[in-house]
1. Give the number of residues within the stretch 125-181 that are part of a strand (DSSP E or B) and buried (at least 16 other Cβ atoms within 10 Å of the Cβ).
2. Checking residue 381 against (1) more than 30 Å from residue 449 (Cβ to Cβ); (2) free of Cβ contacts under 8 Å to residues at least 24 places away in the same chain; (3) in contact with a strand residue (DSSP E or B) (Cβ under 9 Å, 6 or more places away or on another chain), which test does it fail?
3. Any idea which of 6, 72 is in contact (Cβ under 8 Å) with a residue 12 or more places away in the chain and closer than 26 Å to residue 335 by Cα?
4. Looking only at helices (runs of 4 or more DSSP H) that fall completely inside the stretch 1-117, which ones have 2 or more residues that are in contact with a helix residue (DSSP H, G or I) (Cβ under 8 Å, 6 or more places away or on another chain) and either outside the structural domain of residue 241 (by TED's automatic domain parsing) or over 23 Å from residue 219 (Cβ atoms) (or both)?
5. How many residues does the stretch 428-457 contain that are farther than 19 Å from residue 212 by Cβ and within 22 Å of the chain's Cα centre (by Cα)?
6. Determine which single condition residue 30 fails, assuming it passes every other condition in (1) surrounded by 15 or more Cβ atoms within 10 Å (Cβ to Cβ); (2) touching a residue at least 24 places away in the same chain (Cβ under 8 Å); (3) touching a strand residue (DSSP E or B) at 6+ places or on another chain (Cβ under 8 Å).
7. Select from the stretch 432-480 the residues that are in contact with a helix residue (DSSP H, G or I) (Cβ under 9 Å, 6 or more places away or on another chain) and touching a residue at least 60 places away in the same chain (Cβ under 8 Å) and write down the one among them that is surrounded by the most Cβ atoms within 10 Å (Cβ to Cβ).
8. With the structure loaded, tell me whether residue 280 is at pLDDT 95 or above and in contact with a helix residue (DSSP H, G or I) (Cβ under 8 Å, 6 or more places away or on another chain) or whether it fails that test.
């Protein structure tokens with residue numbers, strides 16, 4: 001039975017998503033700034049947890065953070081032809097400032113390759129300066145009117161890394177390092193979301209890149225969501241912005257650059273991959289609050305005894321569990337249960353007078369709503385028991401998402417099977433088509449070639465469209 005105010009997933013998945021965002025109090029529409037949203041504290045706390053986990057991984061691989069201007073001279077964007085063609089429809093321009101027309105318009109960054117390329121050309125001189133490994137946490141703007149909170153907004157928050165290398169091999173190594181050891185590790189371990197790692201087709205790669213890699217995840221409606229991208233930019237931007245270095249033979253060479261990023265659409269992925277008809281479901285490792293304690297009492301005597309027990313129970317949790325005690329007197333326990341279920345808190349602890357007498361607590365798991373996920377647990381050893389339960393929930397969410405993806409990934413041999421498969425999930429097939437062939441499929445089936453998996457079969461097969469023999473398999477799907 002769905003929670004009141006939440007449309008069942010099976011009835012209207014899109015409305016279900018919006019109901020979760022609203023019910024969990026994650027965001028609000030910014031009506032006065034078309035295409036944008038306000039991150040409310042619940043939603044922003046999740047973004048802070050994403051930032052923290054990724055920032056630790058980024059720094060552990062030798063990168064440092066910096067910050068570059070929001071406004072970019074329009075001429076910068078024009079220097080890399082393929083890049084400007086890819087972003088031109090999404091660019092917002094500033095043409096007046098201080099009451100005067102600007103001599104040259106600025107664009108509000110849709111991404112920062114160009115402005116960063118300008119500064120890298122100043123900073124890089126010798127092979128001794130390389131590799132240059134910089135990341136920034138920032139906001140960007142891409143003119144988007146079809147607002148869907150976290151997934152598609154004009155302004156969004158993200159992380160973008162930009163690096164410079166002496167050789168193509170070093171740039172490629174960097175691109176794959178980020179894909180595997182930063183992005184995939186974070187999304188799978190912290191978000192409990194299985195991903196397919198692979199190469200983007202020439203049609204789908206980042207504008208101006210030599211090669212683009214991505215992580216693709218399946219949502220509960222069978223659609224794909226691109227969770228992260230990592231691009232080997234080759235020498236395209238180095239040539240456009242004259243990023244050169246003098247090598248060990250005293251010869252001037254063009255550098256090789258990369259860029260890579262994730263955005264707040266990971267919050268959307270989190271919602272769509274794990275949540276249910278009761279509300280948001282958060283993986284424990286990412287949840288800003290892992291455990292909420294709800295004291296239950298009817299009078300002042302019970303209140304004193306229960307709150308004293310709660311204080312004793314939670315005394316050793318600091319530094320071990322992220323928890324909150326909900327001791328609001330103006331709300332009923334039932335209201336509190338409903339609120340914390342909506343907000344996806346992994347574990348709820350209930351402590352009433354009878355629990356105090358029995359030295360026990362009631363523990364409710366968010367990933368298993370109702371009686372199935374509720375148990376009575378002794379207060380002795382409770383901290384360790386809760387930590388074990390959180391680990392169990394984390395693994396359960398990952399396993400459930402993986403099983404769903406596997407059950408909804410279909411091996412297809414011909415176009416008719418491809419047409420059917422993308423209606424409900426991923427279509428895995430052999431592919432030897434062109435970019436024009438991809439466009440045909442996009443036009444006819446509303447599906448795109450999401451990724452060419454890094455893990456490829458050892459045997460050959462026939463292309464799902466052309467019938468030609470090939471050893472390359474790809475994933476087609478409809479996507480967010």
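1. Within the stretch 125-181, the first condition is being part of a strand (DSSP E or B), and the residues that meet it are 126, 132-141, 148, 152, 155-165.
Add one more test, that the residue is buried (at least 16 other Cβ atoms within 10 Å of the Cβ), and what stays is 132-136, 138, 140-141, 148, 152, 155-165.
Total satisfying the criteria: 21.
2. Evaluating residue 381 over (1) more than 30 Å from residue 449 (Cβ to Cβ); (2) free of Cβ contacts under 8 Å to residues at least 24 places away in the same chain; (3) in contact with a strand residue (DSSP E or B) (Cβ under 9 Å, 6 or more places away or on another chain) leaves (3) as the failure.
3. Values: 72 fails: closer than 26 Å to residue 335 by Cα.
Exactly one residue qualifies, and that residue is 6.
4. Details: elements: 13-23, 41-60, 74-77, 81-87.
Helices (runs of 4 or more DSSP H) meeting the threshold: 41-60, 74-77, 81-87.
5. Final tally of qualifying residues: 0.
6. Residue 30 satisfies all of (1) surrounded by 15 or more Cβ atoms within 10 Å (Cβ to Cβ); (2) touching a residue at least 24 places away in the same chain (Cβ under 8 Å); (3) touching a strand residue (DSSP E or B) at 6+ places or on another chain (Cβ under 8 Å) except (2).
7. 477
8. Values: at pLDDT 95 or above: yes; in contact with a helix residue (DSSP H, G or I) (Cβ under 8 Å, 6 or more places away or on another chain): yes.
Yes; evaluated as a whole, the condition is true for this residue.
The values are calculated or read from the model by the stated rules, or taken from the named source; none is laboratory data. Everything numeric here is computed off the predicted structure, so don't read it as measured data. Cβ: placed from backbone, ideal geometry, glycine included. Neighbour counts: every protein chain shown.
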